[in-house]
Amino acid sequence: MFFPEGRIRVFVHGRPVDMRKSFTGLIAVTQHVLEQDPLSGHLFNFINRRGDYLRVLYWDRTGFCVWSKRLERNGPR
């Protein structure tokens, strides 16, 4: 369940990320590339090379969540 904190910031990683990365890999990118604390409660967004797959890393005070979404160009038919 998503319970937003008082002020959530959204960080977007500006370069494509290997979407095979899960929690540990995305946490490492957040710490070492974005230079942010993954435990801050902020949202950290990552996209793949083709730009059609999005992952969001979030700490909800009980553990990490990774949300994934496949983006469609023309929408549902």
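Here are the numbers for the structure shown:
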| read-out | value |
| --- | --- |
| When residues of region 17-32 are limited to those that are crowded, with 18+ Cβ neighbours inside 10 Å and under 15 Å from TRP59 (Cβ atoms), the one nearest to the chain's Cα centre (by Cα) | LEU26 |
| Residue within region 37-44 that is touching a Lys or Arg at 6+ places or on another chain (Cβ under 6 Å) and either among the charged types (D, E, K, R) or surrounded by 17 or more Cβ atoms within 10 Å (Cβ to Cβ) (or both) present | yes |
| Residue that is modelled with the highest pLDDT, among those in region 33-77 that are among the polar types (S, T, N, Q), more than 15 Å from VAL12 (Cβ to Cβ) and assigned to a loop (DSSP other than H, G, I, E, B) | THR62 |
| Residues located in region 11-32, provided they are among the hydrophobic types (A, V, I, L, M, F, W, C) and not in a loop (DSSP other than H, G, I, E, B) | PHE11, VAL12, PHE23, LEU26, ILE27, ALA28, VAL29 |
| Which numbered condition ASN45 fails, given (1) within 14 Å of LYS69 (Cα to Cα); (2) touching a Ser or Thr at 6+ places or on another chain (Cβ under 9 Å); (3) among the polar types (S, T, N, Q) | (2) |
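The values are calculated or read from the model by the stated rules, or taken from the named source; none is laboratory data. Just so we're clear, the structure is a prediction, and the values are computed from it rather than from any experiment. Glycine gets a Cβ as well: all are built from the backbone with ideal geometry, and neighbour counts include every protein chain shown.
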